[in-house]
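Taken together, the values in this text are just the output of simple stated rules run on the coordinates, not laboratory data. Being a predicted model, the structure only gives us computed values, none of them experimental. Quick reminder, even Gly has a Cβ in these numbers, built from the backbone with ideal geometry, and neighbours come from all protein chains shown.
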Amino acid sequence: MQKHTFTIALFLSCLGLVGLAQYNWLDQYILTVIMFMGINIILSSSLNIINGYMGEFACGHAGFMCVGAYVSSVLSVAIFAKDKVFGAPMLPPDLAWIGFPAIILAGALVAALTGLIVALPSFKTRGDYLAIITIAANYMVISAIENMDIIGGPRGFQGMKRVINSMYDVADIPWMLIWIIIGTLFSIFLIRRFVTSTYGKGIIAISQDEVAAEIMSINTNKMKISAFMLSAGLAGLAGGLFAHVYGYVNPQSFSIMKSTECMVMVYLGGMGSLSGSVLSAIIFTVLIEALRFIIPEVDSLMHSIGILPDSYEISQVWKWVIIPMILFFLMQFRPEGIFGNRELPDSFPKLRKFYSFK
Amino acid sequence: MPLLEIKNMTQRFGGLQAVSDFNISIEEGQLLALIGPNGAGKTTVFNLTSGFYQPTEGTIFFDGKPTAGLKPHQVTAMGIARTFQNIRLWHDMTVLDNIRISQHYRMGYNIFDAFLRTKRYREQERSIDNTAWEMLEAMSLKEYAYERPKNLPYGLQRRVEIARAMSIRPKLLLLDEPAAGLNSADVEGLIKLIRWIHTEFDITIWMIEHQMKVVMSLCEHIKVIDFGSTIADGTPEEIQANPVVIKAYLGDDTI
Ligand SMILES: Nc1ncnc2c1ncn2[C@@H]1O[C@H](COP(=O)(O)OP(=O)(O)OP(=O)(O)O)[C@@H](O)[C@H]1O
Ligand SMILES: [Mg+2]
């Protein structure tokens, strides 16, 4: 029983969260931040498969997120909403809540297939060269979508709010929060099971010595395909959820900047540490939101004491000075991240009593 | 039918002919050695045998089947395991995991079994685990199961690497300079270990070794190469008395 303490506590807190949202005891803003936390957890833990466990350096994670976001958005609007381009809904909108998981998974599946753009070159290419390929893949996806006018091109794509609203018509519960909780738990569950199996540990062997891995009977090419597809697929899942929280997607939201955010989270938490990824995603989301308030505060403070000229304003763009700076100091002072490649119970063995998470 | 048969194998790296017209036929149960001065091409022969390189010319047959075109992991799955001249363990995972993961080829389940933790997954993981613990027990490594190889003394790392290769349950074990870097007490232990593995597991062992003491006390047959070409073949006594070999090693006091 004690072994399940953690699982039960996790389950209860998720339930509690849904309850709080249901009875409007949570501010809409706080709720949105919590949803972004879930999405960021999926993003950082899925990128950790490649950059942490497999020891590669992928910098285009947002590209796969973009594929998942667009595929699931287009599907959900085409199937469950009335739309100028796609016409009348194919299925009655009150079924949207049933179809939604399938739509998100379809987006994830297409994103996983897109992962092959990186997986196949990774057979022969490593390190810096593969990193360049991942950046190229990120750009390829974004540019391809910008050139597809039917789904809005650079202007973006919307209409997902209508699908979410038809879920609210069926039942008035915090749907998006529920989907995100399910998506986050599902992702962590898959990754956890992958990296603790002898099968998945093949990618850890690849990261530590690829030649030895191949000679010791590991089909390294197959493992790379599995890892890249799993990672890209989960990024796509995060993208689908992200698109439906916003109700609007735009190719530029999935630029290299977004990929950088994913990398900051992985390196902050620790390469090859799932608990690290989860924790750093939470810290990172809070930090980003905090900056939203801190930057204007600093701006008005500096103006009031007259350090800054009136013509200059510290804008939110400074976020992009601060985030890379975190990476900078992290690499200088704690390159292994918060957890290194350890897990929470490795650092606090007493926790082990409370969970068996296989 | 010989277990391993290599015919007219040649390997070129650009202008360099690292191995020239190499021939060998190894019978099941043999314990033999490949020796030669530094840079003679010994490791290259092993790299070719384990499928890491495809030979420029010539053929390799293992168990009667050609290995041409196979990837190293497929060659290993046929029953050829090896160790490396510079130990290549996965240094940042436990000894136990090192030995578990090298059983990848007979894992017998796929990624979805891993996600769903199916019956097949549980059975296979249990069998992988059992094999790993048996191997640790047999190689007297049990107490180091949860250590990371990088924290172990060199002699033990060698032993772990041999255990890892053995967990593949090979028919042929290739050892690339297993005694390199060991002190004399460890070398004694290694000689005993190799002899024990050879009889206990009833396998064929082909080793590269510089230390004549090891080769002389273990091997029934020795092949000598220099600049990629075979210069001698015979029993330890014949090799030690062979003037061509002595000339090749002249100035090299390891013989
Ligand atoms: N991948 C490669 N590319 C180019 N040259 C190589 C390659 N591998 C080996 N060589 C060259 O082939 C020759 C034989 O090397 P090899 O490692 O097989 O020698 P060795 O007999 O194992 O020597 P040692 O006793 O030093 O281990 C050397 O001259 C080496 O530089
Ligand atoms: Mg060598």
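Considering only chymotrypsin sites (Phe, Trp or Tyr not before Pro) in DSSP loops that have at most 13 other Cβ atoms within 10 Å, the longest stretch of chain A without any of them is A:26-311.
Extending 7 Å from Cα along the Cβ direction at A:Asp169 and again at B:Tyr154 yields two label points whose distance is 7.7 nm.
Gaussian network model of chain B, Cα springs within a sub-10 Å range: biggest mean-square fluctuation belongs to which of B:Leu174, B:Leu32, B:Leu70? Greatest mean-square fluctuation among the candidates belongs to B:Leu70.
Put simply, the convex hull of the Cα atoms in chain B casts, on average, a shadow of 14.7 nm². In loop segments of region B:47-147 as defined by DSSP, there are no GluC sites (Glu not before Pro) with at most 12 further C-beta atoms inside 10 Å of their C-beta. The chymotrypsin sites (Phe, Trp or Tyr not before Pro) of region B:117-161 meeting both criteria, a DSSP state outside H, G, I, E and B (loop) and at most 16 other C-beta atoms within 10 angstrom of the site's C-beta, are B:Tyr146.
Considering only A:Gly247, A:Gly87, A:Gly270, the mean-square fluctuation computed in a Gaussian network model of chain A, springs between alpha carbons under 10 angstrom, is largest for A:Gly87. Calculated from the alpha-carbon coordinates, region B:137-255 shows an Rg and a Dmax of 15.8, 50 Å respectively.
Considering only A:Ile151, A:Ser280, A:Ser304, the residue lying farthest towards the positive end of the dipole of chain A is A:Ser280, judged by Cα position with unit charges set on Cβ. Rounded to the nearest whole angstrom, the semi-axes of the ellipsoid equivalent to region A:1-143, taken from the Cα gyration tensor as √(5λ), stand at 31, 26, 13, largest first.
What's the magnitude of the charge dipole for the protein assembly as shown around its Cα centre, counting Lys and Arg as +1 and Asp and Glu as -1 at the beta-carbon? Answer in Debye, nearest 20. Result for the protein assembly as shown is approximately 1260 debye, rounded to the nearest 20.
In chain B, the longest principal axis of the Cα atoms and the axis of helix B:184-200 are about 70 degrees apart. Over region A:246-328, the hull volume per residue, using the convex hull of the C-alpha atoms, is 133 Å³. Across A:Val317, A:Val71, A:Val278, mean-square fluctuation computed from a Gaussian network of chain A (C-alpha pairs under 10 Å connected) peaks at A:Val317. What the pair-distance distribution of chain A shows, using all Cα-Cα distances binned every 20 Å from zero, is 28, 57, 15, 0 percent. Summary value for chain A: 31 percent relative contact order, contacts being C-alpha pairs under 8 angstrom separated by 6+ residues.
Using R0 = 56 Å, the C-beta based FRET efficiency linking A:Ile326 and B:Phe201 works out to 0.55. In loop segments of region B:183-228 as defined by DSSP, the chymotrypsin sites (Phe, Trp or Tyr not before Pro) with at most 16 further C-beta atoms inside 10 Å of their C-beta are B:Phe201, B:Phe227. Modelled this way, with points 7 Å down the Cα-to-C-beta line, the labels at A:Val33 and A:Asp310 are 3.4 nm from one another. Taken about its Cα centre, region A:26-353 carries a charge dipole of about 800 debye when Lys and Arg each add +1 at the Cβ and Asp and Glu each add -1 at the Cβ. Over region B:1-152, the Kirkwood radius and the radius of gyration, each from Cα atoms, give a ratio Rg/Rh of 1.03.
Partner shielding of A:155-163 amounts to 0, given as the average count of beta-carbon atoms from other chains within 10 Å of each residue beta-carbon. For chain A, the residue among A:Asn40, A:Phe186, A:Ile135 whose Cα projects farthest onto the positive side of the dipole built from Cβ charges is A:Phe186. Based on Cα atoms of region B:5-59, Rg over Rh with Rh as the Kirkwood radius reads 0.96.
Across all Cα atoms of the protein assembly as shown, the radius of gyration (one decimal) and Dmax (whole number) stand at 29.5, 95 Å. Looking at this model, which pairs from A:Lys124/B:Lys171; B:Lys192/B:Lys213; A:Lys224/B:Lys71; B:Lys192/B:Lys223; B:Lys7/B:Lys247; A:Lys161/A:Lys319 are more than 18 angstrom apart at the alpha-carbon? Over 18 Å apart, Cα to Cα: A:Lys124/B:Lys171; B:Lys192/B:Lys223; B:Lys7/B:Lys247; A:Lys161/A:Lys319.
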